[in-house]
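Asker: My structure is below; once you've seen it, I'll send some questions.
The values are calculated or read from the model by the stated rules, or taken from the named source; none is laboratory data. The shown structure was predicted, so the numbers you read here are calculated from the model rather than taken from an experiment. Here Cβ is always computed from backbone atoms with ideal geometry, including for glycine, and neighbour counts include all displayed protein chains.
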Amino acid sequence: MPAPRRRPGSARRSPKPEPAPPPPRWKNPKATTPRPAPNRPCPHATLLPVTALSDSQRERLTVALAQIATCPGQLTHNLQAHLWALEEARKAKAELVIFPELSLSGYLLGHGVLELAMDLEDSRLGRLREASRDTAILVGLPLREASGGIANAAVLFDGGQVVGVHRKLYLPTYGMFDEGRYFVPGRSVAPLPWHRAHIGVLICEDAWHPTTASILVQRGAELLVMVAGGPSEIGGDDVPQGLKRWHWIVGATAITTVTPTFFANRCGWEEGILFSGGSWAVDGRGRTLGGPAPACDPAVIVAEVDLAAARRHRTLSPIPQAERWELWQAEVERNRDELTRS
């Protein structure tokens, strides 16, 4: 069929234009200029420093995460693993070396913990005490208390002496865990007063209770350190599921407390259980400072944090100032009243 003829003098019609696509749901179609920033910041915003710090204003601290494999009850073997990691950390000029939970004794000790427990003056700590004269060391061990009980402890050595001790607060006693049978729980939450920075220590299960990190930071912790013996499932993805959960906790803790957070996890096998490693360090914005270490293999991860920048970021952030501690106090009083009535 022939095409219809166009009448002389008639204009050629242009094709009808396609309608413009609708604007994205998140974009205001009426906005032609950027909206001015409100005078009051969003309570969940991360405020950046107005000006960068000069080199003279920075306080750089180099931290090493010693991801080692330990054998239960083999103190000599485990000590050698510590000394190897310390040597690697010194090569990187680390000022603080962080070891995992119960790094000196191993984790699955059973009744053997009675023989392995030591007090702070124990001669078996002599080489670590001496090694701390030029590098601060945070080491995990079963600590014999004056009361006769044994604490799952992290001990900070510096300058050849004990600077501080954190005793694990939450003792998992479920599934493969039986800590409540052999250890007594810690009863206080306070940062360790190191000369470079106040360190808030969380031992494994402590980190799964968000109140612990919040209280430590409220009491002046400038760094958060999580030491763990974190097991994981076998098989599945390249990254073990247990390690993924730990990384979520590390990142969320750093961001919500606006505090650099260091995670030192042990690796290797112990009585058929896989400990997944993956040690990692992040700043108060959740950005990686060092690591993550390989899953399951020994490694020493070195991270550098600028303490001055970290303090400034926390000071400028609205999140800590917005914390409503009166809600915590009200809940404590409510629980106390319920316990009194019962």
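Asker: Within the group THR259, THR253, which residue is modelled with pLDDT of 95 or more, polar (S, T, N, Q) and in a helix (DSSP H, G or I)?
Answerer: Just one listed residue meets the conditions, THR253.
Asker: Can you list residue pairs whose Cβ atoms sit under 6 Å apart, with the first residue in segment 69-83 being over 21 Å from GLY278 (Cβ atoms) and the second being of a type in the set (Gly, Ala, Ser) and surrounded by fewer than 16 Cβ atoms within 10 Å (Cβ to Cβ)? Count only pairs 6 or more apart in sequence or on different chains.
Answerer: GLY73/GLY112
Asker: Look at segment 66-89 and say how many of its residues are surrounded by fewer than 21 Cβ atoms within 10 Å (Cβ to Cβ) and either in contact with a helix residue (DSSP H, G or I) (Cβ under 9 Å, 6 or more places away or on another chain) or among the polar types (S, T, N, Q) (or both).
Answerer: Of the residues in that region, 10 qualify.
Asker: Within segment 138-146, does at least one residue satisfy the condition of being assigned to a strand (DSSP E or B) and surrounded by fewer than 20 Cβ atoms within 10 Å (Cβ to Cβ)?
Answerer: Within segment 138-146, one or more residues are assigned to a strand (DSSP E or B) and surrounded by fewer than 20 Cβ atoms within 10 Å (Cβ to Cβ).
Asker: Is it the case, given these coordinates, that ARG287 is charged (D, E, K, R) and either more than 18 Å from ALA64 (Cα to Cα) or in contact (Cβ under 8 Å) with a residue 24 or more places away in the chain (or both)?
Answerer: For ARG287, the condition - charged (D, E, K, R) and either more than 18 Å from ALA64 (Cα to Cα) or in contact (Cβ under 8 Å) with a residue 24 or more places away in the chain (or both) - is not met.
Asker: Let me ask something else. Just one of ILE301, ILE319 is in contact with a helix residue (DSSP H, G or I) (Cβ under 9 Å, 6 or more places away or on another chain) and either modelled with pLDDT under 90 or not in a loop (DSSP other than H, G, I, E, B) (or both); which is it?
Answerer: Checking each option against the conditions leaves just ILE319.
Asker: I would also like to ask the following. Tell me, please, whether a residue that is over 21 Å from LEU83 (Cα atoms), touching a Lys or Arg at 6+ places or on another chain (Cβ under 7 Å) and buried (at least 17 other Cβ atoms within 10 Å of the Cβ) can be found in segment 228-249.
Answerer: No, segment 228-249 has no match at all.
Asker: In segment 91-120, how many are surrounded by fewer than 16 Cβ atoms within 10 Å (Cβ to Cβ) and of a type outside the set (A, V, I, L, M, F, W, C)?
Answerer: 7
Asker: Turning to a different aspect of this structure: One residue is enough: does segment 282-293 have a residue meeting the conditions within 30 Å of PRO320 (Cβ to Cβ), surrounded by fewer than 24 Cβ atoms within 10 Å (Cβ to Cβ), in contact with a helix residue (DSSP H, G or I) (Cβ under 9 Å, 6 or more places away or on another chain) and among the acidic types (Asp, Glu)?
Answerer: Yes, segment 282-293 contains at least one residue that is within 30 Å of PRO320 (Cβ to Cβ), surrounded by fewer than 24 Cβ atoms within 10 Å (Cβ to Cβ), in contact with a helix residue (DSSP H, G or I) (Cβ under 9 Å, 6 or more places away or on another chain) and among the acidic types (Asp, Glu).
Asker: Still on this model: Identify all residues within segment 250-271 that are hydrophobic (A, V, I, L, M, F, W, C), over 24 Å from GLU59 (Cα atoms) and surrounded by 19 or more Cβ atoms within 10 Å (Cβ to Cβ); write none if there are none.
Answerer: Once the filter is applied, which keeps residues that are hydrophobic (A, V, I, L, M, F, W, C), over 24 Å from GLU59 (Cα atoms) and surrounded by 19 or more Cβ atoms within 10 Å (Cβ to Cβ), segment 250-271 yields only CYS267.
Asker: Within the group THR173, THR135, which residue is surrounded by fewer than 21 Cβ atoms within 10 Å (Cβ to Cβ) and out of contact with any strand residue (DSSP E or B) (no Cβ under 7 Å at 6 or more places or on another chain)?
Answerer: Testing whether each residue is surrounded by fewer than 21 Cβ atoms within 10 Å (Cβ to Cβ) and out of contact with any strand residue (DSSP E or B) (no Cβ under 7 Å at 6 or more places or on another chain) leaves just THR173.
Asker: Kindly list the number of the only condition in (1) farther than 14 Å from GLU270 by Cβ; (2) at pLDDT below 95; (3) in a loop (DSSP other than H, G, I, E, B) that fails for GLU115.
Answerer: With (1) farther than 14 Å from GLU270 by Cβ; (2) at pLDDT below 95; (3) in a loop (DSSP other than H, G, I, E, B) applied to GLU115, the lone miss is (3).
Asker: To continue, here is another question. Only one of (1) in contact (Cβ under 8 Å) with a residue 12 or more places away in the chain; (2) on the phi > 0 side of the Ramachandran plot; (3) of a type outside the set (Phe, Trp, Tyr) is not met by ALA264, so which one is it?
Answerer: ALA264 satisfies all of (1) in contact (Cβ under 8 Å) with a residue 12 or more places away in the chain; (2) on the phi > 0 side of the Ramachandran plot; (3) of a type outside the set (Phe, Trp, Tyr) except (2).
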